[in-house]
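Here the structure comes first, spelled out in structure tokens, and everything after it is commentary.
Derivation of every value follows stated rules applied to the coordinates shown; laboratory data play no part. Everything quoted here is computed from the prediction, not taken from an experiment. Here the Cβ positions follow ideal geometry from the backbone for every residue, glycine too, while neighbour counts run over all protein chains shown.
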Amino acid sequence: MAGTGLAPLRDRPDVLLSVEELTVEFPVGRHDVVHAVSGISFDVAEGETLGIVGESGCGKSTVARSIIRLNKIRSGKVLFEGIDLASLKGEELRRHRPNLQMIFQDPISSLNPRRKVRDVISEGVKIWAGSTGAWSEGRIDELMHAVGVDPKYGDRRPHEFSGGQCQRIGIARALAMDPKVLICDEPVSALDVSVQAQVLNLLEDMKQRYGLTLLFISHDLSVVKNVSDRIIVMYLGKACEIGSADELYENPRHPYTRALLASIPEPAPTVDVSEGNIDGELPSPITPPNGCRFNTRCPYADEVCFEVEPQMEAVGDDHYIACHHQVAVSISS
């Protein structure tokens, strides 16, 4: 798998989840197709938090939903403990799903408004009782305590809670299944700033308490850096840079990564604020650009960028980039 960015983890025995050349497309009208995700690959080690970052429309959530098979996968593999979830169907797929749970972006709409929150949390484990976890009122009380929701409010319905409390309930619902992988799809973007830090701290506590492996998705690179061990930067369905959180912050090599870092409230010291001023809008995923997909907005783009698609290459220890001008970008910094 040379050139995909998988090399650092492929030889490790603790790889829990591997995504190989994942491609997801959605038909639009009679003839058009949205190229939502185009051949992305990465590995996640057991106990790791892998961040996926990029602006809206880059395919982050599509990757997350495809891993747990909420989207139809056109091609590629999703290997969980060596088993390709992308090839499973019916009951065989259903048996593996409790191991991968998801926290959704909108905490309120992701909860059934007609059900009491205790029933929302316990639904999955009641269905799987005897094979996943154990159903008991005490277990649900324990989960509610763990996420900071008083069990005495278990008979209330979601509309009686704040957004932050609903997200805590969503976390408890996911944890009830004793998952190995928790996929967090922008879990704090819909919350007040004052609540975001509380939920992030809660996720870190739950990761340590229950031995979880996390995929953390966000458009905010400053948030992702603080919670992730490694980060994937996506642009228009492609991965453009992969590396450890500290390495990407201290030595960003792709012009898009640098633009993201320059745009956050406290820009990274390794970039200039002016680098955040990239021109133009995100191109249509129906007709993505040829060559490098960032070429329509990149200040370094030249003829080769419009003709040849860059491949993921190593530029350091556990640091990979898909860019024809990585050296020039590094020197200019």
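Remarks
- Charge-dipole axis of region 7-332 as Lys and Arg at +1 and Asp and Glu at -1 on Cβ define it, positive-most pick from G148, T23, S136: S136
- Dipole of the chain [Lys/Arg +1, Asp/Glu -1 at C-beta], most positive-end residue of V315, V125, G163: V125
- Each label point was placed 7 Å from the Cα along the Cα-to-Cβ direction; for E307 and L93 their separation is 4.2 nm.
- Simple Cβ-charge dipole of region 178-333, Lys/Arg +1 and Asp/Glu -1, about Cα centre, in debye nearest 20: 260 debye
- Test item: Cα-centred dipole of region 111-241, Lys/Arg +1 and Asp/Glu -1 on Cβ, debye: 300 debye
- Maximal additional length on extending the R114-V33 stretch stands at 25.5 nm, based on 0.36 nm per residue less the C-alpha distance.
- Ranked list, fewest to most other Cβ atoms within 10 Å of each Cβ, for C184, C166: C166, C184
- Here the extension length gained between D279 and E204 equals 23.4 nm, from 0.36 nm per residue of separation less the Cα-Cα distance.
- In region 7-332, Cα pairs under 8 Å separated by at least six residues give a relative contact order of 19 percent.
- Under 17 Å between alpha carbons - lysine pairs in region 7-332 that sit 8 or more apart or on different chains: 11
- Calculated [222 nm] ellipticity per residue, helices only, for the chain: -9000 deg cm²/dmol; basis is -39500 (n - 2.57) per DSSP H run with n ≥ 4, divided by all residues, nearest 500.
- The mean sequence separation of alpha-carbon pairs under 8 Å and at least six residues apart, normalised by the residue count of region 51-156, gives a relative contact order of 15 percent.
- Percentage, to the nearest whole number, of Cα pairs in region 13-93 over 15 Å apart: 59 percent
- Antiparallel DSSP beta bridges within region 176-333, percent to nearest 5: 70 percent
- Taking the DSSP beta bridges with both ends in region 7-332, the antiparallel portion is around 60 percent.
- Sorting C298, C292 from the fewest to the most surrounding beta carbons within 10 angstrom yields C298, C292.
- Gap separating the Cα centres of region 36-64 and region 256-289, nearest whole Å: 18 Å
- For the chain, a Gaussian network of Cα nodes joined below 10 Å ranks L261, L202, L214 by mean-square fluctuation, and the top entry is L202.
- Potential lengthening of the chain between R157 and K72 amounts to 27.4 nm, from the contour at 0.36 nm per residue minus the alpha-carbon distance.
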